[in-house]
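> Can you read through this structure? Questions will come right after.
The values are calculated or read from the model by the stated rules, or taken from the named source; none is laboratory data. Keep in mind that this is a model prediction, so the values were computed, not measured. Here the Cβ positions follow ideal geometry from the backbone for every residue, glycine too, while neighbour counts run over all protein chains shown. Side chains are part of the model used for accessible areas, which takes the heavy atoms of the whole protein and leaves out ligands, DNA and RNA. Shrake-Rupley method; radii C 1.70, N 1.55, O 1.52, S 1.80 Å.
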Amino acid sequence: MSDASTLPSPEGLPVLGHGMAFSRNPVEAMERWAAHGDIVRLQFVGEPMYMVTGPEHIERILVDEQEAFTIGPRQRTTFQGVEDDAMTTATGDRWKRLRRAAHPAFTRDRIHQYGDRMAAVTARFVDEWADGEAVDLHDEMRRLTVQILGETLLDADLRGREDVVMDAADALVARTNFRRPGLLLPDWVPTPTDYRFRRAVERLDAFVDDLLAERRASAPEREDVCSVLLDAHQRGDLSMDEVRENVVAFLLAGHESPAGALTRVWYLLDDHPDAAAAVRREAERVVDGGRPTAADADDLERTRHAVQEALRLYPPTTGVNRQATEPVTVGGHEFDAGAQFMIPQWVPHRDERYWDDPETFDPSRWTRDADRPEYAYFPFSGGPRRCIGADFARQELTLALATMAGRVELDVTASGPLTFVPSVQLRPEPDITATVRR
Ligand code: HEM
């Protein structure tokens, strides 16, 4: 057993430590640091941080010893001012209560019921693209995933109203962008980014309040997430602020990551014509000219593997942040209570100890047996706090991709190498344009 201070620490700058390298290019920095070991000691401005990339250590933190950890301050402060009363920022018993209240909207049966609408919304969306039209792929995938969320979880048609959600997500990403000017200023100094953030959050809150008011006035037997949360409010389990902020959390977390995943899967398929042809052939065979149903999702194996592989190569989130609530031992090292851990998916997802030819997009690898640790792959995190929308997202991505592949081909071009905004999400920095071929 050894003290955490003996862990390897990659070279960093005086005062700024490792923060500067991370804000310049997060994935390049994380890969370079991981070469020093499965747990490394970093120094961000004012706080030490341990980066954990060994699957067995990740499993210990997220699953086996999860009682000794809580979500870290970085993960909590990311959503401060927008989701203060949502499960995303809550800890302890409050988090359990909030998560339990939303659970009925995310059961297997319920997600299965959303399947037909996921495909129907995608078909309607794609059918509006003209042959030869060039679209901003990421922007369009965000509009699509907002509409899917609207018509499944919220039972609301959000066409033409996507900007309210997207502006708030943009403002959140801008505020957490580690490169933004003003990041080193004290919190009480207002910056234009803060101002824009507050305005966008106010608009989104008002929008959700209207949705909830509509829902309260309508028939009680609706089964969307608003009704599930409002029922919990009626029972005295949730305050109205908690109802509203959880809906906000679903809108923000629930559109951004699936949109990022769809953008990347199309970007990758464009470069891999064989995989693209396999997805298209499967759509033609399974879907039978119409639209896939939730029942088809099991048969859409090639499509599912393309999605899984895109989530491996380009995980939508930068990582998970945990903090020890008591002294803990991980990987034979002792950490004090309060120690912070950053757990990026990117590094183990591309580690050649667990993946053959890890940099290659190869959906067929998912058909071959491989003896790899479970936490070599965890795009949705793991343990009790894992993404509540994971099954929803898996079904959505498979059905949306199959629906699109059955209707259009996309020629994808990026305005530069695929780098990412250094923020809570790994958002692509270059413009990604898709030209539609029917
Ligand atoms: C490709 C799609 C998605 C990815 C990769 C993803 C990934 C993640 C990750 C890594 C976390 C952090 C978990 C942790 O701290 O351990 C998370 C949390 C969360 N996600 Fe997702 N997510 C996706 C889609 C969705 C969808 C569709 C929804 C809602 C419909 C959603 C709602 C949430 C919420 C509410 C949390 C907070 C859960 C909690 O704190 O208990 N996500 N997601």
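> For the structure I just gave you, tell me whether Ser364 is more than 21 Å from the chain's Cα centre (by Cα) and either aliphatic (A, V, I, L, M) or more than 10 Å from the ligand (Cβ to nearest atom) (or both). Break it down stepwise before answering.
Numbers: more than 21 Å from the chain's Cα centre (by Cα): yes; either aliphatic (A, V, I, L, M) or more than 10 Å from the ligand (Cβ to nearest atom) (or both): yes.
Considered against the rule, which asks whether it is more than 21 Å from the chain's Cα centre (by Cα) and either aliphatic (A, V, I, L, M) or more than 10 Å from the ligand (Cβ to nearest atom) (or both), Ser364 comes out as yes.
> Still on this model: Select from segment 242-279 the residues that are of a type outside the set (A, V, I, L, M, F, W, C) and away from the ligand (no atom under 16 Å from the Cβ) and write down the one among them that is farthest from Asp298 (Cα to Cα).
Step one: list which residues in segment 242-279 are of a type outside the set (A, V, I, L, M, F, W, C), which gives 242, 244-246, 254-258, 260, 263-264, 267, 270-274.
When the remaining residues are screened for being away from the ligand (no atom under 16 Å from the Cβ), the result is 270-274.
On the way: Asp270: 24, Asp271: 26, His272: 23, Pro273: 23, Asp274: 21 Å.
The residue in question is Asp271.
> While we're looking at this one, here's another question. Is there a residue being on the phi > 0 side of the Ramachandran plot and either more than 15 Å from the ligand (Cβ to nearest atom) or touching a Pro at 6+ places or on another chain (Cβ under 8 Å) (or both) anywhere in segment 341-352?
Applying the first criterion (on the phi > 0 side of the Ramachandran plot) to segment 341-352 yields none.
No, segment 341-352 contains no residue that is on the phi > 0 side of the Ramachandran plot and either more than 15 Å from the ligand (Cβ to nearest atom) or touching a Pro at 6+ places or on another chain (Cβ under 8 Å) (or both).
> Another question, then. Would you say Pro422 is assigned to a loop (DSSP other than H, G, I, E, B), within 16 Å of the ligand (Cβ to nearest atom) and touching a residue at least 24 places away in the same chain (Cβ under 8 Å)?
Here the answer is no, as Pro422 does not meet what is asked.
> Let me ask another. When you go through (1) within 12 Å of the ligand (Cβ to nearest atom); (2) farther than 27 Å from Ala405 by Cβ; (3) open to solvent by 30 Å² or more (accessible area, probe 1.4 Å) one by one for Glu67, which number turns out not to apply?
For Glu67, the exception is condition (1).
> From (1) in a helix (DSSP H, G or I); (2) modelled with pLDDT of 90 or more; (3) surrounded by fewer than 17 Cβ atoms within 10 Å (Cβ to Cβ); (4) not basic (Lys, Arg), pick out the condition that doesn't hold for Asp237.
Every condition holds for Asp237 apart from (1).
> Among the numbered conditions (1) open to solvent by less than 10 Å² (accessible area, probe 1.4 Å); (2) assigned to a loop (DSSP other than H, G, I, E, B); (3) basic (Lys, Arg), tell me where Arg291 comes up short.
Every listed condition holds for Arg291 apart from (1).
> Then there is this: Filter segment 70-87 for residues that are out of contact with any helix residue (DSSP H, G or I) (no Cβ under 6 Å at 6 or more places or on another chain), open to solvent by 10 Å² or more (accessible area, probe 1.4 Å), in contact (Cβ under 8 Å) with a residue 24 or more places away in the chain and outside any helix (DSSP H, G or I) and give the result.
The answer is Thr70, Phe79, Gly81, Asp84.
> Can I ask one more? Considering only residues that are in contact (Cβ under 8 Å) with a residue 60 or more places away in the chain and more than 14 Å from the ligand (Cβ to nearest atom), look in segment 88-114 and name the one that is surrounded by the fewest Cβ atoms within 10 Å (Cβ to Cβ).
Result: Arg108.
> Now, a different point. Give the residues of segment 341-359 that are within 22 Å of the chain's Cα centre (by Cα) and either loosely packed, with under 15 Cβ neighbours inside 10 Å or among the charged types (D, E, K, R) (or both), sorted by residue number.
Once the filter is applied, which keeps residues that are within 22 Å of the chain's Cα centre (by Cα) and either loosely packed, with under 15 Cβ neighbours inside 10 Å or among the charged types (D, E, K, R) (or both), segment 341-359 yields Arg350, Asp351, Glu359.
> Sticking with this one: Quick check on my filter: what residues within segment 301-325 are closer than 22 Å to Glu28 by Cα, touching a strand residue (DSSP E or B) at 6+ places or on another chain (Cβ under 8 Å) and outside any strand (DSSP E or B)?
Selection gives Pro316, Thr318, Gly319.
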